[in-house]
Amino acid sequence: MTTLHWQNSDVDVHRLVVGPVDNNVFVVRCRATGEAVLIDAANEHEKLLDLCTTLGVRRVLETHGHWDHIQAVPALREAGYEVAVTALDAPRLKDVGYDLFLDDKEVVEVGRLRLHAVHTPGHTEGSICFHVAGTPLLFTGDTLFPGGPGATKFDGGDFTTIISSIGNSLFAFSDDTIVLPGHGTDTTIGAERPYLDEWVARGW
């Protein structure tokens, strides 16, 4: 099973689809040092632990605290991996645990790579995205998908807020930025940008 999803001379991105609602789990790995981080310990912890061991994962970053993105957190913490989440979404992890808080505009060091955290509330209060500096990679969790924003009908969701997050924060990135969402296939900022008004009009 090959998990390599994207690479350049500096970074490898691995992707695994897990769980009953087909969550994307990503591993971002610095090719220079071999250090890596896992984004969203969603489910199927045995597979994720294998990935962590193989790819040199040091830490887990959660884009938000919804149940389908955190099922593997207890097993990974038990194996010694620190789990980071925003303070606003930390209460959603009260049953599985966490170790560190992520702040808006925080820079996460992964070997020589720098992941810039971008707070994008709306799907949940503490939803956060990650941009890998010097690359076109933007990990959007459940904030932005091909065809529109993530659902806002769940606890903590707000449609006006998620539209603001997308329009002001995510659409600040260039058109060639690759969007790697929490479910489904990749898209780009340029492919989604023209439809913002349509999303607002339809209300979801």
(message) Can you pull out every residue in the stretch 115-155 that is charged (D, E, K, R) and crowded, with 24+ Cβ neighbours inside 10 Å?
(response) ASP142
(request) Go through ARG58, ARG31, ARG77 for me and flag whichever is under 17 Å from the mean Cα position of the chain (by Cα) and not acidic (Asp, Glu). (result) ARG58
(request) Out of the residues in the stretch 154-204 that are within 19 Å of the chain's Cα centre (by Cα), assigned to a loop (DSSP other than H, G, I, E, B) and of a type in the set (A, V, I, L, M, F, W, C), state the one that is modelled with the lowest pLDDT. (result) PHE154
(request) Starting from the stretch 177-204, keep only residues that are free of Cβ contacts under 8 Å to residues at least 40 places away in the same chain, then list their pairs with residues that are among the small types (Gly, Ala, Ser) whose Cβ atoms are within a distance under 8 Å, requiring at least 6 positions of separation or different chains. (result) GLY190/SER174; LEU196/GLY167
(message) Condition (residue is buried (at least 20 other Cβ atoms within 10 Å of the Cβ) and under 23 Å from ARG15 (Cα atoms)) applied to the stretch 107-114: is it met by at least one residue?
(response) yes
(request) Could you check, for the stretch 144-153, whether at least one of its residues is under 17 Å from VAL37 (Cβ atoms), hydrophobic (A, V, I, L, M, F, W, C) and part of a strand (DSSP E or B)? (result) no
(request) Scan VAL13, VAL17 and give me the residue that is part of a strand (DSSP E or B) and over 24 Å from ALA133 (Cα atoms). (result) VAL17
(message) I'd like the residue in the stretch 1-36 that is touching a Phe, Trp or Tyr at 6+ places or on another chain (Cβ under 9 Å) and over 15 Å from HIS69 (Cα atoms) and, out of all such residues, is surrounded by the most Cβ atoms within 10 Å (Cβ to Cβ).
(response) VAL28
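The values are calculated or read from the model by the stated rules, or taken from the named source; none is laboratory data. Because the structure is a prediction, the values reported are computed rather than measured. FYI the Cβ positions are ideal-geometry reconstructions off the backbone, even for glycines, and counts take in every protein chain you see.
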